[in-house]
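Just below is one structure, and these are the notes that go with it.
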Amino acid sequence: MNPYIDLTIIAAKTAILVLGGSITYYALRAYDRTGDRSLRELGVGFGIVTVGALLGGVSHQIIGADLAVGIAIDGLLTAVGFAVIVYSLYLE
């Protein structure tokens with residue numbers, strides 16, 4: 001595989017981890033301040049998306065799984081996380 005592709009994947013996954021982790025942190029912190037369940041679910045949803053990206057990258061870069069396996073893990077957890085985020089938007 002092209003080393004530039006590997007570096008691009010690592011950079012993208014690192015950015016997703018930092019940014020997604022920040023969103024998760026601030027959403028859960030807002031939940032602690034307000035007690036609003038929708039903020040908790042929003043934080044959980046973004047946390048799932050972030051963990052999905054991390055696990056997808058780790059499975060490929062560290063464990064050595066096929067790139068398709070990493071994409072499948074990332075895609076599945078992203079879909080679950082987005083479902084939780086959508087649910088959070090419907091809570092009152």
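The values are calculated or read from the model by the stated rules, or taken from the named source; none is laboratory data. As the structure is a computational prediction, the values presented were derived from the model and not from experiment. Cβ atoms come from the backbone with ideal geometry, glycine included; neighbour counts cover every protein chain shown. For the accessible areas, the whole protein counts, side chains as well, though only heavy atoms, and no ligand, DNA or RNA atoms are used. Shrake-Rupley method; radii C 1.70, N 1.55, O 1.52, S 1.80 Å.
Per-structure values
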| read-out | value |
| --- | --- |
| Selected residue (criterion: farthest from the chain's Cα centre (by Cα)) from residues of segment 31-46 that are surrounded by fewer than 20 Cβ atoms within 10 Å (Cβ to Cβ) and under 16 Å from Phe82 (Cα atoms) | Ser38 |
| Cβ pairs under 6 Å, 6+ apart, first in segment 35-48 and free of Cβ contacts under 8 Å to residues at least 24 places away in the same chain and closer than 15 Å to Val18 by Cα, second of a type in the set (S, T, N, Q) and surrounded by 18 or more Cβ atoms within 10 Å (Cβ to Cβ) | Gly43/Thr24 |
| Looking only at segment 47-64, and only at residues there that are open to solvent by 40 Å² or more (accessible area, probe 1.4 Å) and in a helix (DSSP H, G or I), the one that is modelled with the lowest pLDDT | Gln61 |
